1. Run lengths n ≥ 4 of DSSP H only: what is the helix-derived mean residue ellipticity at 222 nm for the chain, with -39500 (n - 2.57) per run over all residues, to the nearest 500?
2. Do the alpha carbons of any pairs in K34/K348; K321/K387; K164/K347; K249/K294; K34/K357; K36/K288 sit beyond 24 Å of each other, and which pairs?
3. I'd like to compare 355-363, 90-98: which one has the highest average count of other Cβ atoms within 10 Å, and what's the full order after that?
4. Place a point 7 Å from the Cα of N116 along the Cα-to-Cβ direction; which residues of the stretch 218-236 have their backbone N under 15 Å from it?
5. Computed from the coordinates I sent, semi-axes √(5λ) of the Cα gyration tensor in Å equals one of (i) 34, 32, 19; (ii) 71, 27, 21; (iii) 32, 26, 23. Tell me the label.
6. So which lysines pass the test for K448, namely a Cα distance under 30 Å, with those fewer than 8 places away in the same chain ruled out?
7. At 0.36 nm per residue, minus the direct Cα-Cα distance, what do N361 and A182 gain on full extension? Give it in nm, one decimal, please.
8. Using only the alpha carbons, work out the radius of gyration and Dmax of the stretch 273-412 in angstrom.
Amino acid sequence: MKKIRTLALACAAALLTAMAASPLTASALYELPKDKAVHASSAILVGLGATSEEDTVLFERKADTKLAPAAMVRVMVGALAIKTIQEKNIDIDTATGTYTLQCDNLITGTGIRVANMKIGETWTIRDLLTMSMVQTAADACVTLAFALSGSETQFVTDMNHLAKEIGCNDTSFANVTGLDNANQYTTARDMALMLRYAMTFPEYEEMMKLTEYTAHPVSGGEAITLPNNNNLIRASSPQSYYSRAVFGKTGVTDGAGYCLAAVARDGGYEYMAVVLKAPETDDEGNFKGLLHYKDVQTLFDWAFDSFAYKTLLSKNEPTGKLTVNLAWNQDTVVLVPEKDFATVVDKKLPVDTIIRKVTLNEETVDAPVTKGSVYGKVELYINVDQKLGEVNLIASESLDRSQVLAVWAEVQQFLKSPWFIAGVALLVLLLVGYIILNVVHNRRRRRKKMKRVKKYK
């Protein structure tokens with residue numbers, strides 16, 4: 001890969017909108033079985049669909065609790081870096097960054113993991129980005145921030161802006177290194193959103209899948225080979241290795257505990273798990289420094305063993321009816337789903353137990369009705385209140401308007417109109433008035449006639 005391709009800004013905007021509306025904001029559908037244990041303070045398990053809109057939150061534990069991300073901050077660093085590279089059309093194999101005293105001052109004395117870069121050394125953007133992500137090299141990450149944004153401060157500002165754009169409302173960044181800071185926090189749900197967003201860049205996954213990486217400085221220093229510090233994907237770390245894992249990012253600090261965000265694939269299924277603040281050992285003192293790996297493995301194994309992708313609603317399946325006026329030979333139209341609806345559910349879940357809630361935009365409509373027009377939606381639930389998703393309901397056929405019925409409807413409408421009622425009332429009043437006047441007039445005539453008769457008697 002000589003150069004990261006430029007993506008259309010319109011596509012990026014559409015993606016951000018989609019991410020902002022991601023179903024990761026939904027509540028979890030299932031509880032972890034009693035024979036499964038997750039030790040992390042916060043966790044989330046997501047079944048990944050073809051798009052972010054089709055993702056399903058299967059399990060969560062305090063997924064909205066704000067916690068320190070440690071080096072998992074690099075998930076956003078990598079996503080923003082690739083986005084910036086594409087927008088600025090940067091050739092990552094020719095563009096460079098230099099490790100300066102200013103960069104060094106941000107690292108020295110922190111004890112954070114580094115690639116041992118020396119002041120004055122120059123590296124390509126590719127090397128800086130890959131070292132930052134694969135080995136969590138803080139010196140490379142700070143240099144990358146300066147190279148792309150002019151300073152760590154500006155890069156962090158851009159990270160915060162991007163986090164808001166993709167819907168991470170409980171996240172704040174203060175640095176790119178992952179050092180604990182009161183203003184640097186995230187949640188398991190937000191971290192899942194960030195990783196899902198990063199996955200939309202093919203280059204991100206390609207980079208994160210590397211088990212090791214060799215970087216060559218452009219000037220100064222010597223080539224260096226760095227291992228991926230995510231032991232979940234390294235077969236050389238048998239206690240942590242998980243064969244279904246594809247990539248992920250770890251993080252460890254005193255404040256953050258042990259953290260991990262990872263993606264696993266097998267048999268056409270794909271799951272994402274995030275755990276934050278796992279302890280160093282379990283209650284018996286086992287798995288020192290490995291519990292974040294064990295937690296993720298537990299969630300992945302449960303997902304692969306217990307869930308399946310099922311079609312719960314078929315396109316063109318009769319799902320509701322809509323009353324139609326002014327059509328000559330029928331007064332209803334059948335509504336059907338706009339598309340198939342399929343998602344990851346418990347393998348043992350009977351499809352006929354899924355609750356369908358139909359909501360119409362209007363109770364009745366006047367013809368004409370156009371086939372394919374949206375007239376409502378159907379929501380699918382399990383356990384009464386746990387929503388799986390929703391699909392628009394559309395008309396299954398077109399119905400023409402009857403002109404005869406339309407005219408008659410207009411006549412009926414006119415007969416019910418205030419003007420017509422007022423006119424009838426006025427006519428009645430005039431008629432009553434005429435009758436009264438006529439009666440009075442006739443009485444007067446009879447009286448005059450009686451007077452004349454009496455006069456000549």
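The values are calculated or read from the model by the stated rules, or taken from the named source; none is laboratory data. All values derive from a computational prediction rather than experimental measurement. Cβ: placed from backbone, ideal geometry, glycine included. Neighbour counts: every protein chain shown. With ligands, DNA and RNA removed, areas are computed over all heavy atoms of the protein, side chains included. Shrake-Rupley method; radii C 1.70, N 1.55, O 1.52, S 1.80 Å.
1. -10500 deg cm²/dmol
2. K164/K347; K34/K357
3. 90-98, 355-363
4. 221-227
5. Evaluating semi-axes √(5λ) of the Cα gyration tensor in Å on these atoms matches (ii).
6. Result set, ordered by chain and number: K457.
7. So the chain would gain 59.7 nm between N361 and A182.
8. Values for the stretch 273-412 (Cα only, Rg and Dmax): 24.4, 85 Å.
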